[in-house]
1. Any chance the stretch 340-353 includes a residue that's buried (at least 20 other Cβ atoms within 10 Å of the Cβ) and in a loop (DSSP other than H, G, I, E, B)?
2. In the list 43, 55, which residue meets the criterion of being assigned to a helix (DSSP H, G or I) and either within 29 Å of residue 273 (Cα to Cα) or not assigned by TED's automatic domain parsing to the domain that holds residue 202 (or both)?
3. Go through the stretch 321-331 and give me each residue that's outside any strand (DSSP E or B), modelled with pLDDT of 90 or more and farther than 15 Å from residue 392 by Cα.
4. Quick one: which of 408, 424 is modelled with pLDDT under 85 and within 15 Å of residue 298 (Cβ to Cβ)?
5. Sort out which residues of the stretch 139-159 are touching a helix residue (DSSP H, G or I) at 6+ places or on another chain (Cβ under 8 Å) and closer than 19 Å to residue 103 by Cβ, and write them in order of number.
6. Could you check the stretch 74-89 and list, in sequence order, the residues that are within 23 Å of residue 201 (Cβ to Cβ), under 14 Å from the mean Cα position of the chain (by Cα) and outside any strand (DSSP E or B)?
7. Hey, can you tell me all the residues within the stretch 142-151 that are surrounded by fewer than 19 Cβ atoms within 10 Å (Cβ to Cβ) and free of Cβ contacts under 8 Å to residues at least 40 places away in the same chain?
8. Could you tell me whether residue 110 is surrounded by fewer than 23 Cβ atoms within 10 Å (Cβ to Cβ), part of a loop (DSSP other than H, G, I, E, B) and in contact with a helix residue (DSSP H, G or I) (Cβ under 7 Å, 6 or more places away or on another chain)?
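The values are calculated or read from the model by the stated rules, or taken from the named source; none is laboratory data. Not measured: the values here are computed from a predicted model. In this analysis, Cβ positions are derived from the backbone assuming ideal geometry, glycine residues included, and neighbour counts consider all displayed protein chains.
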């Protein structure tokens, strides 16, 4: 019979899988669509409403567990930041970080009687390791070190029915060692006790429960560990486009968008189509860059000539610094008073930085040898990441506890530095 047919009539007309779009490509496209920027921002907004509800329930202010937590808090409602890292809570790697002491949290606890620490996780858990283990370790160390006469607060407080008994026991077994390491820093513990005022009790807030509840009149500060996202079992996404932990690892999806820019332009971003978002975000990021380019770098006290700042602070006609270290600049363009390190932004940048610290040491030594009073600014994209790590090394190598510069510090100070100098630098990172 003459005429066309919808069916193949010869082998050459059959379209085999190698010629068609593969199933893996289809699934990849579907996942990309579900994990779109639009869905992420809508999920973040939804989770932020839960975090705000927790704050209102407990009548306590919000602090962000960086960097993820800041996505879930409107800037005007955020009173501070914490740095409880999930890596310090991973199984078998439990640790109390001497680089992230989170002493700024003591001031928030004392001022408000407690706080809500906001974080999230995208890995199908109800609570991230930072809130189920790292923060509990920190609380136990603080309580046991600063309030030795109040043993009721010395045990590690864990979320209910979340960890296995073996893991809880192993963590508990490390606390005395963490306390000893904390004491060995030689800090003024009486001063820290006065700053804190009372021991801290922990509570957890998830989409499933608030536990435990405590009376309003209490002899301790309450720190509520809030996991903002709804748990999605078996995947990162659920029906309706909701994404658990949408703010996590934002370097991979945000196109340069930051929490501050998001919240300032929330309505505009949420009503824009997915296809126009990258261009819109690029424009907002550039506008923010131009606005913030005149921001002054921050002096790291007690030095009088070491500053940290954002890369944008270099975008002014007359840079008021004698020496510049740009953590992200092109190394091929380094010359004279400028050292470019070529580190990438984000988490991978710290690995890059470790490989070039010897260049930093030589650069600083060579230039300060000519004049110890020269001002030095270290910049990175955020002004509180790689720049602070670089400044930390410089201060430990070339400055004493009073902020005086010397190229010939005693060898026992030259490599690690004293706790006092380290804490001055950490304080910049946690408050800047």
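1. yes
2. The unique qualifying residue is 43.
3. Of the residues in the stretch 321-331, the ones outside any strand (DSSP E or B) are 321-322, 327-331.
With the extra rule that they be modelled with pLDDT of 90 or more, the set shrinks to 327-331.
328, 329, 330, 331, listed by residue number.
4. 424
5. 140, 141, 142, 143, 144, 145, 146, 147, 153
6. 83, 84, 85, 86, 88
7. Within the stretch 142-151, 148, 149, 151 meet the criteria.
8. Values: surrounded by fewer than 23 Cβ atoms within 10 Å (Cβ to Cβ): yes; part of a loop (DSSP other than H, G, I, E, B): no; in contact with a helix residue (DSSP H, G or I) (Cβ under 7 Å, 6 or more places away or on another chain): yes.
No: the conditions fail for residue 110.
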